[in-house]
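Worksheet: the structure to be examined is printed underneath.
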Amino acid sequence: MLLFIVPQTRAGSDAVVPPTPLLLMLAWQPQAQFAGYYVALEHGFYHEAGIELTILSADRGRSALAALRAGEVDLAVAWLAAAIKARADGAPLVNVAQLLPRSSVVLITRVSSGVHRLSDLGGRRVGMWMGDAALPVEALLREQNLEVERVPQSTTINLFLRGGVEAMSGMLYNEYHLLIDAGPEPEEVMVFPLAEHGIDFPEDGLYVLEQTQREKSAVIAAFVAATRRGWEQAFADPEGALDLVLRRQRAEYVPANRTHQRWMLEQIRAAMGEPGENGWDWRLHREDVERVGDLLQRLDMIDAVPSDIERLGAE
């Protein structure tokens, strides 16, 4: 009897707590914009934090915020403007880390089109993404009182290259470099960074539902810490990080180009900024939430700034 009881007792006292499963949905398809998450997963940082993480990719038909609101995932990568709009629609979102504090969205035109300033866009065809991704450019057009022909823009730059639009939406770390890589010289294009024209919306943030934050606050904190380690490692060994990004792209049948992904990773590092003595300041600041919320309301892009907007997690 003793031989039977003692091992059971020891097994109970030494039992390893199983890792907590978490589902993370990224804002888009695999690319270097998300390298830190892939690195943290590959290097076991999430496992060491007691987390069994599954990373899902979003696409045109699968929004990360929509999946989060439906309870299909635990965490989502999303832009602040989209999160404020969702909060205004009643979604109980909480920001647990703000990785990119500034905007990298640009409007791109050809010099030969005669668009040399924003006001020249009046009456022109402008390529715009669909859904929440369109919010910053839409805000710019309304703020500048520009009447343009809005043309749905796909995930490629082909519409612009073929002359279907005279301006296209883009990210400095993505579409701009794809365009230059496709042939035009930098001096042949005009780039209008939205941040330089009053539309400086913080971008990639990590969001959870309020209930998740209440019930799993320690796990979410551990997740953020492990993610921080992932980005530190990605920037310390960029080529190793790119290996993981390209592997993920090929696994999900996304076109993989190492040179382009290297550019993206460098631009993401610049956008994230240099870490301070205690690492990056990944807090979502109250003044940014209020500034973006007030602008969205003034431009009639949301009915009203949520009365509980501070519960987004701003400090």
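Tabulated data for the structure shown
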item	result
Test for GLU210: is it of a type outside the set (Ser, Thr, Tyr), in the same structural domain as ARG269 (by TED's automatic domain parsing), surrounded by 13 or more Cβ atoms within 10 Å (Cβ to Cβ) and over 17 Å from the mean Cα position of the chain (by Cα)	yes
Qualifying residues in segment 244-271 (those that are part of a helix (DSSP H, G or I), of a type in the set (A, V, I, L, M, F, W, C) and more than 19 Å from SER104 (Cβ to Cβ)) - the one most open to solvent (accessible area, probe 1.4 Å)	ALA251
Test: residue in segment 246-266 that is aliphatic (A, V, I, L, M), touching a helix residue (DSSP H, G or I) at 6+ places or on another chain (Cβ under 9 Å), assigned by TED's automatic domain parsing to the domain that holds ALA78 and at pLDDT below 95	yes
Cβ pairs under 8 Å, 6+ apart, first in segment 16-34 and more than 13 Å from ARG247 (Cα to Cα) and open to solvent by 10 Å² or more (accessible area, probe 1.4 Å), second acidic (Asp, Glu) and in a loop (DSSP other than H, G, I, E, B)	LEU23/GLU72; LEU23/ASP74; ALA27/ASP204; GLN33/ASP204
GLU187 vs. criteria surrounded by fewer than 19 Cβ atoms within 10 Å (Cβ to Cβ), over 22 Å from MET128 (Cβ atoms) and either out of contact with any helix residue (DSSP H, G or I) (no Cβ under 6 Å at 6 or more places or on another chain) or not aliphatic (A, V, I, L, M) (or both)	yes
Boolean, GLY12 is of a type outside the set (Val, Ile, Thr), part of a loop (DSSP other than H, G, I, E, B) and modelled with pLDDT under 95	no
Scan of segment 125-153 for residues that are free of Cβ contacts under 8 Å to residues at least 40 places away in the same chain and either more than 18 Å from the chain's Cα centre (by Cα) or on the phi > 0 side of the Ramachandran plot (or both), ordered by number	LEU141, ASN145, LEU146, GLU147, VAL148, GLU149, ARG150, VAL151, PRO152, GLN153
Flag if ARG229 is within 16 Å of LEU22 (Cβ to Cβ), of a type in the set (Lys, Arg) and either assigned to a helix (DSSP H, G or I) or at pLDDT 95 or above (or both)	yes
Pairs where the first residue, in segment 290-302, is free of Cβ contacts under 8 Å to residues at least 40 places away in the same chain and the second is surrounded by 15 or more Cβ atoms within 10 Å (Cβ to Cβ), C-beta under 6 Å, 6+ apart	GLN297/VAL305
Failed item in (1) open to solvent by less than 20 Å² (accessible area, probe 1.4 Å); (2) not assigned by TED's automatic domain parsing to the domain that holds ARG228, with ALA133 passing the rest	(1)
Counted residues, segment 74-92 - those being within 17 Å of the chain's Cα centre (by Cα), more than 21 Å from VAL105 (Cβ to Cβ) and open to solvent by 10 Å² or more (accessible area, probe 1.4 Å)	1
Yes/no for ALA241 being closer than 30 Å to ARG311 by Cβ and either part of a helix (DSSP H, G or I) or in contact with a Phe, Trp or Tyr (Cβ under 7 Å, 6 or more places away or on another chain) (or both)	no
Single match in GLU310, GLU274, GLU287 (criterion: assigned to a loop (DSSP other than H, G, I, E, B) and modelled with pLDDT under 95)	GLU274
Residue selected from segment 146-179 under the condition open to solvent by 20 Å² or more (accessible area, probe 1.4 Å) and assigned to a strand (DSSP E or B), by the criterion nearest to GLY123 (Cα to Cα)	GLU149
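The values are calculated or read from the model by the stated rules, or taken from the named source; none is laboratory data. The structure displayed is predicted, hence computed values, not measured ones. Backbone-built Cβ (ideal geometry, glycine too); neighbour counts: all protein chains shown. Heavy atoms of the whole protein, side chains included, go into the accessibility calculation; ligands, DNA and RNA do not. Shrake-Rupley method; radii C 1.70, N 1.55, O 1.52, S 1.80 Å.
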